[in-house]
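Nothing in this text is a laboratory measurement; each read-out follows from the coordinates by a stated rule. Just so it is clear, the model here is predicted, and its values are computed rather than measured. Ideal geometry is used to build each Cβ from the backbone, glycine not excepted, and the neighbour counts take in all protein chains shown.
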Amino acid sequence: MNDNDERAVTIIVGRAWEKKGGESIGVHVMLIAPDDDSAVRMALESLAAEGYVEAELDQIGDMEGAPDEEPHVSAYQGALEGEVAIVTFDEPI
């Protein structure tokens, strides 16, 4: 990557718990990080700061362009601006 290339937005998919033994919720965490290890650390720190006591992160990858639908569009934009954006959703049973 040269200096003219935009950094890719990393997306991490998993689930998180607000209390031990409680029900999990799905999470998509979007951010820009120098490497996967840093991305995972930043995601876990951000989830903890939001009050989640546990998280399982299942997949990590770079996004190939902006998403088409909210709330992911806003999260993607937030990641481009340097935020760690967390999208939560109910997991199917």
note = Karplus-derived 3J(HN,Hα) from phi for segment 11-17 (6.51 cos²θ - 1.76 cosθ + 1.60, θ = phi - 60°), whole Hz, x at Gly and Pro, runs 10, 10, 10, x, 9, 9, 10
message = Quick check: residue separation of V73 and D90 times 0.36 nm, minus the Cα distance between them. What number comes out in nm?
response = 4.3 nm
inquiry  = Taking 35 Å as R0, compute the FRET efficiency from the Cβ-Cβ separation of E50 and R7 and round it to 0.05.
reply    = 0.90
Cα extents of segment 10-89 along the three principal axes, largest first (Å) = 36, 26, 20
ask   = Any idea how far apart S38 and K20 come out in nm if each label point goes 7 Å out from Cα toward Cβ?
value = 3.3
request  = Please turn the phi angles of segment 57-69 into ³J(HN,Hα) values with the Karplus equation 6.51 cos²θ - 1.76 cosθ + 1.60 (θ = phi - 60°), one per residue in order, whole Hz, x for glycine and proline.
outcome  = 9, 9, 9, 9, x, 8, 6, 9, x, 6, x, 9, 10
